[in-house]
Amino acid sequence: MSPPVAPKKENAIRFGLFGASWIAPNAIIGPSRSHPEVIVAAIASRDKSKAQAYAKKHGIPIVHDSYEALLADSTITAVYIPLPNGLHYEWAVKSLKAGKHVLLEKPSTSNAIEAASLFNLPLLSSPDPPVLLEAFHYRFHPAWQTFLSLFDGSDIASATVSQYLFAGFFPLDDIRFNYSLAGGTLMDFGTYALSTLRQVFRAEPVSVISAEPRKAAADDRIDEAMRATYEFPGGAKGSIEVDLQARGGLPLPWLTAYWPGYFKGLPTITVKLKEQDISDSEGPSHVVQRAFVFTNYMMPTHWHRIEIIEQHTLHPPRGEKLIKKWTEKKTVKVYRWLEEGQVGEEWWSTYRYQLEEFVNRVKKREGSGVWIDSKDSIKQLEMIDATYLKAGLPLRPTSTALE
Ligand SMILES: NC(=O)C1=CN([C@@H]2O[C@H](COP(=O)(O)OP(=O)(O)OC[C@H]3O[C@@H](n4cnc5c(N)ncnc54)[C@H](OP(=O)(O)O)[C@@H]3O)[C@@H](O)[C@H]2O)C=CC1
Ligand SMILES: O=C1OC[C@@H](O)[C@H](O)[C@H]1O
């Protein structure tokens with residue numbers, strides 16, 4: 001089904017795009033079509049003919065041949081920045097100073113120094129400041145928010161997250177493997193995985209216990225994969241395994257170990273709670289351990305599954321002997337908000353839900369309440385930096401435009 005195209009309101013926000021990027025059609029051009037208050041009105045590129053072809057393909061009326069020209073365009077009220085990570089800081093600062101609202105791709109900046117500088121810009125504390133949002137799209141989808149509502153962070157014993165993309169999906173000269181552009185898997189897939197841990201625990205890690213990169217052959221500052229474990233308050237552990245060049249995971253490993261790992265699995269987070277004693281005072285000891293598994297939390301609109309798994313054990317009050325052990329399972333799927341009055345459709349992507357909230361902020365409306373604030377975005381980069389340091393890798397370079 002093609003999503004409906006909404007007639008545009010007179011006061012619609014006019015967005016300009018930085019760069020003829022791969023992600024913009026999914027992240028904003030498509031979602032804008034069904035939003036009555038969003039028009040993708042301009043694109044700026046370093047290469048005018050590329051921008052013209054892109055504009056024609058996606059129905060974008062204005063083409064600028066430099067990023068500066070986009071900022072000088074007074075018909076544009078907001079910008080979307082899907083530039084290489086290493087350019088996020090510079091163009092976000094320039095855009096905010098030009099009075100534009102900014103939807104900024106993740107990770108917001110190259111490192112925590114840049115994040116603190118960007119999110120603490122004095123103009124963001126002025127009366128009626130422009131809106132600035134780090135585009136962690138998955139957080140805006142009702143499936144993710146429903147998942148979070150199923151447990152308390154303080155009850156978690158452990159959480160693990162995995163995200164794989166098969167080798168070859170992105171070529172080796174992609175921005176993701178370029179150190180000077182602030183590449184690396186932790187900056188890319190890894191930033192989602194780390195953010196899910198910070199979300200489920202509702203707390204910051206107290207330490208990085210371990211961080212093991214698999215370095216790129218061409219540049220040993222680049223992690224093409226990363227495994228890391230964090231300690232959270234109370235001693236619970238959270239782990240991530242992210243790989244942008246995944247191989248193997250296929251039958252006959254002696255033959256297929258170096259083949260692209262097409263079937264290594266969808267992005268998945270598993271949260272295990274501490275055991276809980278739910279015995280009656282008179283009866284046998286009844287212990288339950290709950291786990292929550294969210295498969296495909298990144299693109300839940302296409303398909304997802306949230307499993308709630310309870311493992312029960314019954315013992316005599318003072319005995320070791322097991323009386324009974326059983327597992328109960330329930331599956332939840334959430335494609336739209338469940339409460340009356342909340343806005344959204346089953347076909348809305350994570351990006352569409354995100355755009356809804358961005359517009360609500362610009363228009364000063366309450367919205368769903370889901371948002372990523374400045375502190376959160378700064379903390380995220382602090383944890384990325386801490387992980388790189390633990391892994392023995394250099395922090396991603398700071399922009400020469402740092403204020
Ligand atoms: N939210 C999400 O789901 C996703 C987010 N992302 C994020 O979006 C950003 C862009 O990713 P993606 O769309 O894959 O990237 P692309 O490489 O497709 O696009 C980046 C654009 O940046 C411009 N650019 C400016 N300077 C450079 C440079 N030195 N080298 C290369 N490109 C440059 C280019 O536009 P031009 O030449 O036209 O000026 C280019 O098209 C990244 O930060 C990434 O993390 C990416 C994918 C998914
Ligand atoms: O959503 C995503 O999927 C592919 C990644 O490499 C990308 O940068 C990320 O944001």
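With all protein chains in place and ligands, DNA and RNA left out, the 1.4 Å accessible area ranks 351, 80 as 351, 80, largest first. For region 142-290, a Kirkwood radius taken over Cα pairs fed into Stokes-Einstein (25 °C, viscosity 0.890 mPa s) yields D = 143 µm²/s.
Dimensions of region 103-154 from C-alpha coordinates, computed as largest minus smallest value along each principal axis and given longest first, are 38, 27, 23 Å. Report summary: the helix-based calculation at 222 nm, which adds -39500 (n - 2.57) for every DSSP H run with n ≥ 4 and divides by the residues of the chain, gives -6500 deg cm²/dmol. Separation of region 315-351 from region 244-291 is 16 Å, based on Cα centroids. Round to the nearest 0.05 the FRET efficiency obtained for residue 401 and residue 204 when R0 = 35 Å and r is the Cβ-Cβ distance. FRET efficiency, residue 401 to residue 204: 0.80. For region 283-370, the Cα-based Rg and Dmax, in that order, read 20.4, 63 Å. Note on residue 279 and residue 363: the extension gain reaches 25.1 nm, defined as 0.36 nm multiplied by sequence separation minus the Cα-Cα distance.
Per residue, the accessible area of region 351-395 comes to 42 Å², computed with a 1.4 Å probe over protein heavy atoms only.
Any idea what diffusion coefficient region 238-337 gets from Stokes-Einstein, in µm²/s, Kirkwood Rh on alpha carbon pairs, 37 °C, 0.692 mPa s? Rounded to a whole number, D works out at 195 µm²/s.
Cα-based radius of gyration for region 254-403, normalised by 2.2 N^0.38 Å, reads 1.55. The orientation-averaged projection of the convex hull spanning the C-alpha atoms of region 150-218 amounts to 6.1 square nanometres.
Compared with the dominant principal axis of the Cα atoms in the chain, helix 189-201 is inclined by about 50°. Full extension of the segment from residue 154 to residue 375, taken as 0.36 nm per residue of separation minus the current Cα-Cα distance, would add 77.5 nm. As a fraction of the 1.4 Å probe accessible area of the chain, surface on carbon and sulfur atoms comes out at 53 percent.
Using only the Cα atoms of region 23-64, each taken as one equal point scatterer with no solvent, compute I(q) by the Debye sum, divide by I(0), and report log10 of the ratio at q = 0.30, 0.34 Å⁻¹. Treating every Cα as an identical point scatterer, log10 I(q)/I(0) equals -1.08, -1.22. For the peptides 306-318, 213-225, the ranking by mean Cβ contacts within 10 Å, running from highest to lowest, is 213-225, 306-318. Converting phi to 3J(HN,Hα) with the Karplus coefficients 6.51, -1.76 and 1.60 and the offset θ = phi - 60°, region 13-23 yields 6, 9, 8, x, 9, 8, x, 8, 7, 5, 7 Hz in sequence order, with x at every glycine or proline.
Its convex hull of Cα atoms gives region 1-152 a direction-averaged projected area, equal to a quarter of the hull surface, of 11.1 nm². Packing around the peptides 359-367, 21-29, 108-116, taken as the average count of other Cβ atoms within 10 Å per residue, puts them in this order, highest first: 108-116, 21-29, 359-367. Straight-line cross-link partners of residue 48 among the aspartates and glutamates, defined as a Cα under 12 Å from its Cα and at least 8 positions apart when in the same chain: 65. Shape summary: region 330-369 maps onto an equivalent ellipsoid whose semi-axes, from the alpha-carbon gyration tensor, are 21, 12, 8 Å in decreasing order. On a per residue basis, the convex hull of the C-alpha atoms belonging to the chain measures out at 182 Å³.
Remark: spin-label model distance residue 252-residue 128 equals 6.9 nm, labels positioned 7 Å along the Cα→Cβ axis.
The values are calculated or read from the model by the stated rules, or taken from the named source; none is laboratory data. Worth saying up front: this structure is predicted, and the values here are computed from it rather than measured. Please note: Cβ atoms are built from the backbone with ideal geometry, for glycine as well, and neighbour counts cover all protein chains shown. Note: areas computed on protein heavy atoms with side chains; ligands, DNA, RNA excluded. Shrake-Rupley method; radii C 1.70, N 1.55, O 1.52, S 1.80 Å.
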